[in-house]
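Written out below as structure tokens is the structure these notes cover.
The values are calculated or read from the model by the stated rules, or taken from the named source; none is laboratory data. If you're wondering where the values come from, they're calculated on a predicted model, not measured in any experiment. Here Cβ is always computed from backbone atoms with ideal geometry, including for glycine, and neighbour counts include all displayed protein chains.
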Amino acid sequence: MYAELKEQTQIQNPSNKQVGKILVGQEHIRILAIAYDNQTLISGNENETITIWNLSNQSVEKTISLPSDSGKIQSLAVSPDKETLIVGTSKGIIQVWNYKNGTIKKILSPGHLGNIIALRISSDGQNLVSGSWNDAVVKIWDLRLGQLQHTLNTGANNVLSLAISQDSQTIYIGLFGTLQIWHLERQFYVDKLAAHSHEIDAIAVSTDGKLLVSGGTDSLISQSGIPSNTWMVKVWDAQTLKLLKTLQGDSSSIYKLILSPDAKTVIFDSCCKAHFWDWINNKDITDIHGLVRNTVLSPNSKIIVSVASDGKTMTITDLDTLRML
């Protein structure tokens, strides 16, 4: 199943088709997350508030305001305990919230030097891993104690993306041109991969640990000899680090990347559209009405939410519906 396929990727653009229910927010949305109850949608907004939505009845349950001087919301992570939300801000602050009652539980310290663009919680809910654009370290936190346990020095100028394996043993760190692999519990450097020639903006790993997916920017030289940068999404064998498949984009930007539990569909956002790439069959579904940015998949893989170009309107759909387009 994981062998290299040579056929050209088919791009399907069902742009005028409505594929789900509509949910409209009052504020511009910076980032989304779906909680482990698969019914709670959490939006981090431009005005430094968090909105808690009920997906069952498409209603707002509560709005939470961050403490003054927190900075802009840059990243969110929800815990399997179904009540804990981690917020990373532009000022390097990591806040631990109980999103059920809307109270802040703790501020993790020391934080980072600036924009926390990567937060990941291990599948057992015990560890939080954080990374910032403004420093070279990845921090590992004990969420039960609310304490910093370890600091990994990547030797780079900034950390761009993170992923944790399902068994909570391996951390994947996206940097400029290099993807580093670390052992989580023992905190030792395992390997590195020259995955992209520029920024590695997003990483995902399959639930069985066999596949690694990276999204980033690469340089190309045209036939006329003019260099240009474009995004690429690459599927790797996680054990051998062999490249299995590449999808080449048409711009230089790529954002949050998700791999479906069956490891067949890569979900990601480029600069102006959401992508649903069946990498095995070379089918890239894109330009879907209302699905543009901040695309998220529920933990049970049954719900997809994405934000439209207006920054406020969200479409609620499911992966099976999109696969049939």
When region 137-166 is examined, which residues are found to be more than 17 Å from the chain's Cα centre (by Cα), within 23 Å of Ala195 (Cα to Cα), assigned to a loop (DSSP other than H, G, I, E, B) and modelled with pLDDT of 95 or more?
-> Thr154
Considering only region 23-100, give the strands (runs of 3 or more DSSP E) lying wholly within it that have at least 1 residues that are free of Cβ contacts under 8 Å to residues at least 24 places away in the same chain and among the aliphatic types (A, V, I, L, M).
-> 59-65
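A quick yes/no check of all residues on (1) free of Cβ contacts under 8 Å to residues at least 24 places away in the same chain; (2) more than 16 Å from Leu76 (Cβ to Cβ); (3) among the aliphatic types (A, V, I, L, M):
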position: Asn127; (1), (2), (3): no, yes, no
position: Ser132; (1), (2), (3): no, no, no
position: Val138; (1), (2), (3): no, yes, yes
position: Thr151; (1), (2), (3): yes, yes, no
position: Glu185; (1), (2), (3): yes, yes, no
position: Lys192; (1), (2), (3): yes, yes, no
Can you tell me which residue in region 90-127 is surrounded by the fewest Cβ atoms within 10 Å (Cβ to Cβ), limited to those that are touching a Gly at 6+ places or on another chain (Cβ under 7 Å) and of a type outside the set (A, V, I, L, M)?
-> Lys106
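Could you please find all residues in region 65-79 being in contact with a strand residue (DSSP E or B) (Cβ under 8 Å, 6 or more places away or on another chain) and either surrounded by fewer than 20 Cβ atoms within 10 Å (Cβ to Cβ) or of a type in the set (Gly, Ala, Ser) (or both)? Break it down stepwise before answering.
Our first condition is that a residue be in contact with a strand residue (DSSP E or B) (Cβ under 8 Å, 6 or more places away or on another chain); within region 65-79, this holds for 65-67, 70-79.
Ser65, Pro67, Ser70, Gly71, Lys72, Ser75, Ala77, Ser79, listed by residue number.
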Answer yes or no: is there a residue in region 203-218 that is in contact with a Gly (Cβ under 6 Å, 6 or more places away or on another chain), touching a residue at least 12 places away in the same chain (Cβ under 8 Å), under 23 Å from Ser260 (Cα atoms) and in a loop (DSSP other than H, G, I, E, B).
-> no
If you take the residues of region 185-202 that are under 19 Å from the mean Cα position of the chain (by Cα) and part of a loop (DSSP other than H, G, I, E, B), which of them is nearest to His112 (Cα to Cα)?
-> His198
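Surrounded by fewer than 18 Cβ atoms within 10 Å (Cβ to Cβ) and of a type outside the set (A, V, I, L, M, F, W, C), is that true of His289?
On the way: surrounded by fewer than 18 Cβ atoms within 10 Å (Cβ to Cβ): yes; of a type outside the set (A, V, I, L, M, F, W, C): yes.
The answer is yes for His289.
Identify the residue in region 240-256 that is within 30 Å of Gln169 (Cβ to Cβ) and at pLDDT below 95 and, among all such residues, is surrounded by the fewest Cβ atoms within 10 Å (Cβ to Cβ). Walk me through how you get there before you give the answer.
Initially, region 240-256 is screened for residues within 30 Å of Gln169 (Cβ to Cβ), giving 240-247, 254-256.
Then drop every residue that is not at pLDDT below 95, which leaves 254-256.
Working: Ile254: 26, Tyr255: 18, Lys256: 20.
Across region 240-256, the extreme among qualifying residues is Tyr255.
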Regarding Asp320, is this residue without any contact (Cβ under 8 Å) to a residue 24 or more places away in the chain and within 25 Å of Ser59 (Cα to Cα)?
-> yes
